[in-house]
Amino acid sequence: MARRTAVALVLTCEHGGARVPARWKAPLAGQEALLASHRGYDAGALATARVLSRELDAPLCAATVTRLLVDLNRSAHNPARFSRFTRDLPAPQRARLHTELWAPHRAAVEAMVAQAQTQAQTQAQTQAGPRAVLHVAVHSFTPVLDDDVRDYDVGLLYDPGRAWERGLATAWTRALARCEGVDGVRRNAPYRGVSDGLTRGLRGLHADRAYAGIELELNQRRLAARGDRFEPALVRAVVGTLRALLDPGPAG
Ligand SMILES: [Zn+2]
């Protein structure tokens, strides 16, 4: 049975943990409370990414080092990738943070996307469809940031200027909004999909129809009691809608 598309899914998680490697303890000494907060990592994101990887049989590149050292969801030229604890470190130390922590994740993600594109291309040849990779970067956000109250469960961040990506994000938004376990879905909220970040960097390397990069943002108000994973109903909705998005059924 012919599919409309041969879409390969890849997953990433840039803010999966608050780990501090031994050699970088000094700049974050005494910051345990901050490390455990939404400033240190995205609670629930890693567990969600792992469920998606397992359920949808998709590769995952996940990082567990705290964003307070260097933010893997910023580009290499963005000085804001360093936090207030690391931006005033001597230049050689910042360069080391870049080469030890930032660069390996970016390289691994780029390699994963390239490999998935090769697979999608092979599938496309047998199924007479286009080759394409959907990259979903899994993140979470705090329900209240300063004066900004985020009263929706899910945000999908994408570039409205890329037609295929926009279509996927729109379809995914509609599907999620219909799910019983989901209270509110917003597009390009709480952040804009075109802001500096990993998906924007990858868009610069790939044409619209070959690559779509969507950031999945989940509201931490839906974290389960233990706090390191989201409520099962929300995760099930994300898994089910993403599965349907990847496999829209036979061509009509
Ligand atoms: Zn994040």
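No lab work stands behind these numbers, since they all come straight from the coordinates. Just so you know, these numbers come straight off a predicted model, no measurement behind them. All Cβ positions, glycine included, derive from the backbone under ideal geometry; neighbour counts span all protein chains shown.
Observations, loosely collected:
- In plain terms, the chain from LEU205 to ASP147 could stretch by 17.3 nm, reckoned as 0.36 nm per residue minus the Cα-Cα distance.
- Residue order for HIS38, HIS105, HIS135, fewest other beta carbons within 10 angstrom first, comes to HIS38, HIS105, HIS135.
- Candidates ALA116, ALA43, ALA22: whichever shows maximal mean-square fluctuation once the chain is modelled as a Gaussian network with Cα springs under 10 Å: ALA22
- In degrees, nearest ten, helix 45-56 long axis to first principal axis of the chain (Cα): 20
- Cut-off 13 Å between beta-carbons: net charge of the residues surrounding ARG23, Lys and Arg +1, Asp and Glu -1: +2
- Rounded to whole Hz, the Karplus (6.51, -1.76, 1.60) HN-Hα couplings of the stretch 36-43, x for glycine and proline: 7, 8, 5, 6, x, 6, 9, 4
- SER75-VAL194 pseudo-label distance in nm [points 7 Å out on the Cα-to-Cβ vector]: 1.3
- Loop-located GluC sites (Glu not before Pro) in the stretch 178-252, at most 13 other Cβ atoms within 10 Å (DSSP): GLU180
- Applying a DSSP loop filter and a limit of 16 other Cβ atoms within 10 Å to the trypsin sites (Lys or Arg not before Pro) in the stretch 186-252 leaves ARG192, ARG209, ARG226.
- Angle in degrees between helix 103-127 and the longest Cα principal axis of the chain, rounded to the nearest 10: 0
- Helical contribution to [θ] at 222 nm, DSSP H n ≥ 4, -39,500 (n - 2.57), averaged over the chain, rounded to 500: -10500 deg cm²/dmol
- Cα lying deepest toward the dipole's positive end in the chain, options ALA36, PRO143, LEU198, charges on Cβ: LEU198
- Check: the stretch 6-246 dipole with +1 on Lys, Arg Cβ and -1 on Asp, Glu Cβ, in debye: 360
- Within the chain, all pairs of alpha-carbon atoms sorted by distance into 5 Å bins from zero give the percentages 1, 6, 13, 18, 19, 16, 12, 7, 4, 2, 1, 0.
- Chymotrypsin sites (Phe, Trp or Tyr not before Pro) restricted to the stretch 187-252 and DSSP loop, no more than 11 other C-beta within 10 Å: none
- Fewest neighbouring Cβ atoms within 10 Å first, the residues ASP88, ASP147 line up as ASP147, ASP88.
- FRET efficiency for the GLU180 to ALA107 pair, using the beta carbon distance and R₀ = 51 Å, is estimated at 0.80.
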